[in-house]
């Protein structure tokens, strides 16, 4: 069993993908994050799922969460409008996470080691030319290891 | 819409829960992590999903992932045996993650701010007496915010 056998097709996004599209991909498919690829479909980084929320939350509330308690519910509904004008580039953390990436020949143990070390529930699998082939999620890996 | 309306029942584990049981809960329900509670059901920390893999991977391979490439597949199958003898306590990271926790009156915006800041796709909701009521996952929150 190698990474190539374990990986599944996975929606990727680009730096200029609308943020709202990224949020819908995450929500619609229960994904832990999205792989961001360049114009040649080579993975460049991972957008952690939680980071799409950053744009939804005004900076002064991120700094002082207590203020969120007194902000009107309607404010939260501006989330969609906020995301509509932004791109994936603006969602990425300032310190981008190292991309956990393996080739199709990686062993199950190799993938498990990478996931444990990088704490990423998402590992990108690339073809020989560096193009994204698919991903292995923590869930797929556990299913394989536990035989469920 | 408040945290109490958004939260769902969620399997919790304790420090002495067998590691294999935690792994099965994660795999069987596609969870991003597990809330660890004390004897009085008060949440104490979160076990990130990726950390159940730590026990599956010998330390020398975590240090030098290249070695995983040459380790026989059968070795990976010792995962189950390894987990059987361990507990959740041994899976927890050395620097435990701050537990993202809110009460049932927290607003959607408050939960979003906490998730974005803590980068946790899992927020615990507690009752007035501090007992775990349920959790809000990133996915549930996005579904609510996007109206999907």
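So here's what we get for this one:
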{"quantity": "Helix B:19-29 vs. chain B, principal-axis angle (Cα, 0 to 90°, nearest 10)", "calculated": "60 degrees"}
{"quantity": "Rounded to 5, percent antiparallel among DSSP beta bridges of the protein assembly as shown", "calculated": "70 percent"}
{"quantity": "Shielding by other protein chains, A:46-52, mean Cβ within 10 Å", "calculated": "5"}
{"quantity": "Computed helical MRE - 222 nm, chain A, DSSP H runs ≥ 4 contributing -39500 (n - 2.57), nearest 500", "calculated": "-9000 deg cm²/dmol"}
{"quantity": "Rounded to 10°, Cα long-axis angle of helix A:108-118 versus longest principal axis of chain A", "calculated": "30 degrees"}
{"quantity": "Diffusion constant of the stretch B:1-45 at 4 °C, which comes from Stokes-Einstein with the Kirkwood Cα-pair radius and 1.567 mPa s, µm²/s", "calculated": "112 µm²/s"}
{"quantity": "Per-residue mean of C-beta atoms belonging to partner chains within 10 Å, peptide A:29-42", "calculated": "1"}
{"quantity": "Peptide B:102-110, shielding by other chains (average Cβ, 10 Å cutoff)", "calculated": "6"}
{"quantity": "Computed FRET value (nearest 0.05) for residue A:38 with residue A:95, which takes r as the C-beta separation and R₀ as 22 Å", "calculated": "0.70"}
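Where a number appears in this text, it was derived from the coordinates with a stated rule and is not lab data. As the structure is a computational prediction, the values presented were derived from the model and not from experiment. Positions of Cβ are generated from backbone atoms using ideal geometry, with glycine treated the same way; all protein chains shown enter the neighbour counts.
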